[in-house]
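**Q** Please find one structure pasted underneath; my questions will follow.
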Amino acid sequence: MIDLLFENNKAWSLAIQQEIPDFFERLANQQNPDYLWMGCSDSRVPANQIVGLLPGDIFVHRNIANLVIHTDLNCLSVIQYAVDVLKVKHIMVVGHYNCGGVKAALDGVEIGLVDNWLRHVQDVKQKHIALFEQLSTEGDPYNLLCKLNVMEQVVNLCQTTMVQAAWKKQQPLMVHGWIYQLNDGILQDLEITIQKTEEVSMKYKAALGKVAIIL
Ligand code: CO
């Protein structure tokens, strides 16, 4: 099984070099991505492929249920490096429907250590409990929580000291909230694109209002 991966790798490297002969040479010297992708670890949601970008084009952080937690040094370090050093112009929080992490959080399944991580998703549900209570019988609580989770993480991201500092010094930086559909490979924009501190609350409320309408 592992040998196959090395074979695949050789074939992939050759194919890219046939198309762009100096591709790896150029990349080896520097990376200059315009995007930071904050996504779920789910194997079905690979950042580069979904948006058709090559190595070097997108800086990526993934964790279970695409969470931006204010005390997560790993996540914060990625954001800081992307904003302060790479000077990315866009950060997208990308959730996906049928997220196993979100489902486990909603169902309250006991898995182990990860339950503590998923507690953050349960907190999102608790914050919006009224929306879940209003949900019609045909409504899907899993997909609702997937969307709300992205919106909350977008706000968390906007509130980090790095993003706040970038906006304060007028550094161009847009934060987006997207959701990916596993069944057709399509990304949806949740229309919570924010590019300055003053917009955070307004855009969040507007996006939340739209979610409430389709319940
Ligand atoms: Co997921």
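The values are calculated or read from the model by the stated rules, or taken from the named source; none is laboratory data. What you see is a predicted model; the values in this text were computed from it and never measured. Using ideal geometry, Cβ is built from the backbone for each residue, glycine included, and neighbour counts are taken over all protein chains shown. Note: accessible area is taken over every heavy atom of the protein model, side chains too, but ligands, DNA and RNA are not part of it. Shrake-Rupley method; radii C 1.70, N 1.55, O 1.52, S 1.80 Å.
**Q** Below 8 Å between Cα atoms, with a sequence gap of 6+, how large is the relative contact order for the chain in percent?
**A** On the way: 299 pairs, mean separation 41.6, N = 215.
The normalised contact order for the chain reaches 19 percent.
**Q** Rounded if a/c is under 1.5, else prolate if a/b is larger than b/c, else oblate: which is segment 104-215, with a ≥ b ≥ c the root eigenvalues of its Cα gyration tensor?
**A** Note, shape of segment 104-215 comes out prolate.
**Q** Only helical DSSP H runs with n ≥ 4 go in: add -39500 (n - 2.57) per run for the chain, normalise by residue count and round the 222 nm mean residue ellipticity to 500 deg cm²/dmol.
**A** Computed ellipticity for the chain at 222 nm equals -14500 deg cm²/dmol.
**Q** If contacts are Cα pairs under 8 angstrom and at least 6 residues apart, what is the relative contact order of segment 102-211 in percent?
**A** Dividing the mean separation by the residue count of segment 102-211 yields 19 percent.
**Q** Taking amide H positions as placed in the peptide plane 1.01 Å from N, state which residues far from Gly39 in sequence (5 or more) or on other chains have amide H under 5 Å from it.
**A** Hits under the 5 Å cutoff: His61, Arg62, Asn63, Val94.
**Q** Check which residues have an amide H placed less than 5 Å from Tyr180's amide H, if you skip close sequence neighbours.
**A** When sequence neighbours closer than 5 places are left aside, the close amide H contacts are Gly95, His96, Tyr97, Gln188.
**Q** With θ taken as phi - 60° and the coefficients 6.51, -1.76 and 1.60, list the Karplus ³J(HN,Hα) couplings across segment 10-19 in order, rounded to whole Hz; mark glycine and proline as x.
**A** Listing the rounded values in order: 4, 5, 5, 4, 5, 4, 5, 5, 5, 7 Hz.
**Q** What are the ³J(HN,Hα) values, in whole Hz, obtained from phi via the Karplus relation 6.51 cos²θ - 1.76 cosθ + 1.60 with θ = phi - 60°, for each residue of segment 148-164 in sequence order, with x given for Gly and Pro?
**A** Per residue, the Karplus-derived 3J(HN,Hα) values read 4, 4, 4, 4, 5, 6, 4, 5, 4, 4, 4, 8, 5, 4, 5, 5, 4 Hz.
**Q** Would you mind working out the accessible area per residue for the chain, using a 1.4 Å probe, and quoting it in Å²?
**A** Dividing the accessible area of the chain by its residue count gives 56 Å².
**Q** To continue, here is another question. Which translational diffusion coefficient, to the nearest whole µm²/s, is obtained for segment 144-203 from the Stokes-Einstein equation, given a Kirkwood hydrodynamic radius over C-alpha pairs, 25 °C and 0.890 mPa s?
**A** Calculated translational D: 200 µm²/s.
**Q** Quick one: net charge of Asp140's neighbours, Cβ under 14 Å, K/R +1, D/E -1?
**A** Around Asp140, the surrounding residues sum to +1.
**Q** Using only Cα positions of the chain, each an equal point scatterer, no hydration layer, compute I(q)/I(0) via Debye at q = 0.14, 0.18 Å⁻¹ and quote the log10 values to two decimals.
**A** Rounded to two decimals, the profile gives -0.91, -1.32.
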